[in-house]
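One structure is given below, encoded as structure tokens.
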Amino acid sequence: MQFGVLSPFTDTGGDPALVRDYALQLEAMGADFLEIPDHVLGGNPAGADAQAAMANNPYHDPFVLLSFLAGCTTRLGFSTGVLILPQRQTALVAKQAACVDVLSGGGRFRLGIGVGWNPIEFTGLNENFHNRGRRSEEQVQVMQALWGQDFVTFKGRYHTLEDAGISPRPRSGHIPLWYGGHHEHTLPRIAKWGDGWMPNAYPPDQSALDIFGELRRLTEQAGRDPGKMGIEVWTSCGDGNEADWRKEVAFWKQAGASHICLTTTFHRRHHKRIAGKTAADHLAATKRYREAVVDLL
């Protein structure tokens, strides 16, 4: 399994020296990837919708941040976790993702996508919140065509391309496309078009084994090889000890997970955040966790 970390910059802030040094220390530690969340807009904390009140949390644009970090690192991989695809223009996302791939040397970037949950962002970006799932299906097909072909002609419900292409394109003609989310339509979409799934709702128990089995069944039904379908699980270290963490990692490896992402800030469902909020706190927790499980990866 690859081992990575969800960025803690909502705790630590996004000062350029801090994010650079954090990524460099992750790379020196032996982490395989750094994962970046995404929000363009957030609601006012004084407003009525507490869930949407995220305006005070710093979220660097993922493509800008990863381009910056690609120039500071040499080996560390990157992923969005997840980019809210249907609130963005499709060809522009394909172009930005291709540029990150090229500028990082090729093969270091996975594009994790989701459909979002906050209407505030879609309204502010002049996109339709209510058809976001259906549009995302077509967006994926357009992006994959633009990555793989010099020029694309495409006529769909939401997109029209007339013998147009992007440059640069990814060197391989492909960027790994991973899906987040747990909606009932997510698994069929992954099975048709995705390279992997990034769930965080399932604890290490039979419910996870059942849903992984369903993804593999749907992938095979779509005429694709389920053995090539990646699964990234999230884990946390805000409670428990080294023995608990080893038991969980062993479970995920046996379940066929290909990636494990440690979050030190996420505090929902079975995940527990750490108490500290400085970069040093997050790095220390990451180092302790990785040293406890590295022989199992």
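Bear in mind these aren't lab numbers, they're just calculated from the coordinates by the rules spelled out. Here the structure is a predicted model, which is why all the values come from computation and not from measurement. Counting neighbours? That spans all protein chains shown, and the Cβs are built from the backbone with ideal geometry, glycine included.
Treating each Cα of the chain as an identical point scatterer and summing with the Debye formula, the log10 of I(q)/I(0) at q = 0.06, 0.07, 0.11, 0.15 Å⁻¹ comes to -0.19, -0.26, -0.66, -1.29. Fully extending the segment from Asn57 to Ala201, taken as 0.36 nm per residue of separation minus the present Cα-Cα distance, adds 49.6 nm. Whole-Hz Karplus values for the range 247-260 come out as 4, 5, 4, 4, 4, 5, 5, 5, 6, x, 5, 9, 9, 10 Hz, taken residue by residue from phi with 6.51 cos²θ - 1.76 cosθ + 1.60 and θ = phi - 60°; glycine and proline positions read x. Residue by residue, the range 178-186 carries 3J(HN,Hα) couplings of 10, 9, x, x, 9, 5, 4, 8, 5 Hz when phi is fed to the Karplus relation 6.51 cos²θ - 1.76 cosθ + 1.60 (θ = phi - 60°); x denotes Gly or Pro. Here the range 209-297 was treated as a single set of alpha-carbon atoms; its pair distances binned every 5 Å from 0 give 3, 13, 21, 21, 16, 11, 8, 5, 2, 0 percent.
The His174 and Leu125 beta-carbon pair, evaluated with R₀ = 25 Å, returns a calculated FRET efficiency of approximately 0.40. Can you compute the label reach from Lys287? Point 7 Å from Cα along the Cβ direction, backbone N cut-off under 19 Å, restricted to the range 3-29. Counting only backbone N, you get 3-9, 12, 18-29. Ranked by the mean number of other Cβ atoms within 10 Å of their residues, highest first, the peptides 156-168, 267-279 fall in the order 267-279, 156-168. Distances between placed amide hydrogens fall under 5 Å for Ile113 paired with Leu83, Trp178, Tyr179, Gly180, all partners being 5 or more residues away or on another chain. All Cα-Cα distances of the range 1-102, cut into 10 Å bins from zero to the largest, leave 14, 44, 31, 10, 1 percent in each bin in turn. Return the single residue from Thr264, Thr74, Thr90 with maximal mean-square fluctuation; model: Gaussian network over the chain, springs between Cα atoms under 10 Å. Top of the fluctuation ranking is Thr74. Could you tell me whether the range 80-174 comes out rounded, prolate or oblate from its Cα gyration tensor? Rule is a ≥ b ≥ c as square roots of the eigenvalues, rounded for a/c under 1.5, then prolate if a/b exceeds b/c, otherwise oblate. Oblate.
Less than 5 angstrom separates the built amide H of Gln2 from those of His259, Ile260, all sequence-distant by 5 or more or on a different chain. How many angstrom lie between the Cα centre of the range 1-37 and the Cα centre of the range 163-203? Cα centroid of the range 1-37 versus Cα centroid of the range 163-203: 22 Å apart. Mean separation of Cα pairs under 8 Å and 6 or more residues apart, divided by the residue count, gives the range 170-297 a relative contact order of 21 percent. Scalar couplings 3J(HN,Hα) for the range 134-143, obtained by applying the Karplus form with A = 6.51, B = -1.76, C = 1.60 to θ = phi - 60°, are 5, 5, 5, 4, 6, 4, 4, 5, 5, 4 Hz; x denotes Gly and Pro. For the pair His185/Glu220, report the inter-label distance in nm, with labels modelled 7 Å from Cα in the Cβ direction. Result for the modelled spin labels: 2.7 nm. For Thr74 and Glu242, the FRET efficiency from 1/(1 + (r/R0)^6), where r spans their Cβ atoms and R0 equals 35 Å, is about 0.70.
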